[in-house]
Amino acid sequence: MKKKINTKSTVGFFAFVAILIFCAYVLFHGISVGVYDIGNIKENMHYGLDLTGGVNVVLQAKPTKGKKLTDSKMEGTVSALKNRVDSLGVSEATVIRQGSNRIRVQIPSIQNQQEALDLIGRTAQLKFVGPDNKTILTGVHVTDSKAVTQKTSSGVEQPVVTLKFDSQGKKAFAEATQKYIGQQITIKLDDEVISSPTVNQAITDGEAVIEGSSDMDEAGNLASLIRGGALPVKLTTVQASTVGPTLGANSLDQSIFAGAIGVAAVLVFMLVFYRGLGIIADLALLVFVMLDLVVMSLMNVTLTLPGIAGMILTIGMAVDANVIIFERIKEESRNMGQSLASSVNAGFKNAMRSIIDSNVTTLIAGFVLFFMGTGSAQGFALTLIVGIILSMFTAVLVTRQLVKLFLNTNLIQNPKFYGI
């Protein structure tokens, strides 16, 4: 006896399809609601310099004669370079330390690339300037700076920044603090004011304390900037490359095209081999793709070519989970002679262990690559990890609910339609 069509389930299934199509349109094309622009993932995503063009520079720090290159000085240099790059007004720039004496600077979407090279290649200039705008001393005379906590007269712990000067700096600072009691001494890094402490008393022992930091993070950042400005090193460029905006744009367009071909090929494969179940798998795959893009955008991930490769790879892995589930469903139906609904329940249940095992082993490899790799390798690992987690969600939950919802509509009961 032919079952009657379940109107409620039918409406629910086609409502899901309609909502999915609408969300896809908003995600890829965007819509305007009043003064707000919503969607258009291509415009909202952050891209690396291999996709947008920009500057990639590797700098090597060399200490001056008689002075060692310490970790604290390298960290201070990194902070100074970050501050310098921020002044260019670009976003998604990265400044990372490599090894014991090298720093890599990547600045995407920069228009004047030569200006960027000149700016990040200069030696940091730290100056202590008096209220009369005269330079008291420079960073060369600062031997150390740290963020510590200090008790006030009322017994309350507060974050402060300590300063230590060499003999010449000690003398110059003593004279200045005696002269400018009650006035401010401005500390500038590359002509940008980073602090303006008030002189409370004459300081003659070569050690000073800067108060007024709101927390240890702010104090630590100030200390890093001062150490970076005080670093008696010469930064030499050992590698510099630029990617033109035209080449970057072409790479982005080609990557999107390649991704679209990959997704289309997977969709067709599932339709040919699994028919009705393939249609449902394709819908779940579209949900996965949209979720993956939204999560990447919300996480402010800087997308690079290796990152796009990781995303395309996880599309295949998402379908792989569906293939395992559908094959289990077919086995249950053939071997056990169960009804279609029973075969679906048993197939999902029996496929879970294989899906979890295969994805967990790949996740372990992804985490190892993320925490031990650098640069592009980390970008690939991050997109891989996020994609695997989302693919397990869509394969196990979304696909299962869609299959049940479609079966409940009673629109098609012929097992051949489901590839069985």
In segment 328-364, how many are open to solvent by 60 Å² or more (accessible area, probe 1.4 Å) and over 20 Å from residue 409 (Cα atoms)? 14
Going through 321, 264 one at a time, which residue ends up being among the small types (Gly, Ala, Ser) and either open to solvent by 20 Å² or more (accessible area, probe 1.4 Å) or closer than 22 Å to residue 22 by Cα (or both)? 264
Restricting segment 408-420 to residues that are within 43 Å of the chain's Cα centre (by Cα) and surrounded by fewer than 21 Cβ atoms within 10 Å (Cβ to Cβ), which is farthest from residue 4 (Cα to Cα)? 419
Here are 377, 381: which of them is touching a helix residue (DSSP H, G or I) at 6+ places or on another chain (Cβ under 8 Å), of a type in the set (A, V, I, L, M) and at pLDDT below 85? 377
Quick one: which helices (runs of 4 or more DSSP H) sit completely within segment 302-420 and have at least 1 residues that are of a type in the set (A, V, I, L, M, F, W, C), outside the structural domain of residue 250 (by TED's automatic domain parsing) and on the phi > 0 side of the Ramachandran plot? none
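Against the definition (out of contact with any helix residue (DSSP H, G or I) (no Cβ under 7 Å at 6 or more places or on another chain) and without any contact (Cβ under 8 Å) to a residue 60 or more places away in the chain), how does residue 346 come out, yes or no?
no
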Restricting segment 138-152 to residues that are under 22 Å from residue 218 (Cβ atoms) and not in a strand (DSSP E or B), which is modelled with the highest pLDDT? 139
Which one of these does residue 387 not meet: (1) within 23 Å of residue 289 (Cβ to Cβ); (2) without any contact (Cβ under 8 Å) to a residue 60 or more places away in the chain; (3) of a type outside the set (Ser, Thr, Tyr)? (2)
Quick one: in segment 100-115, of everything that is polar (S, T, N, Q) and not in a strand (DSSP E or B), which residue is modelled with the highest pLDDT? 101
Subset of segment 201-226 [surrounded by 14 or more Cβ atoms within 10 Å (Cβ to Cβ) and polar (S, T, N, Q)]: 213, 221, 224
Of those in segment 159-172 that are under 43 Å from the mean Cα position of the chain (by Cα) and open to solvent by less than 50 Å² (accessible area, probe 1.4 Å), the residue nearest to residue 211 (Cα to Cα) is 160
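Scan segment 138-150 and tell me whether some residue there is farther than 22 Å from residue 77 by Cβ and buried (at least 17 other Cβ atoms within 10 Å of the Cβ).
If we filter segment 138-150 for residues that are farther than 22 Å from residue 77 by Cβ, which is where we start, we get 149-150.
Going one step further and asking which of them are buried (at least 17 other Cβ atoms within 10 Å of the Cβ), we end up with none.
No, because not a single residue in segment 138-150 is farther than 22 Å from residue 77 by Cβ and buried (at least 17 other Cβ atoms within 10 Å of the Cβ).
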Only residues that are over 17 Å from residue 163 (Cβ atoms) and assigned to a helix (DSSP H, G or I): list them for segment 174-194, please. 179
In segment 173-187, how many are surrounded by fewer than 20 Cβ atoms within 10 Å (Cβ to Cβ) and closer than 11 Å to residue 142 by Cβ? 0
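The values are calculated or read from the model by the stated rules, or taken from the named source; none is laboratory data. Note that the structure is a prediction, hence the values are computed from the model and not measured. Cβ coordinates were reconstructed from backbone atoms using ideal geometry, including for glycine residues, and neighbour counts include every protein chain displayed. To get the accessible areas, we keep the full protein, side chains included, count just its heavy atoms, and leave off ligands, DNA and RNA. Shrake-Rupley method; radii C 1.70, N 1.55, O 1.52, S 1.80 Å.
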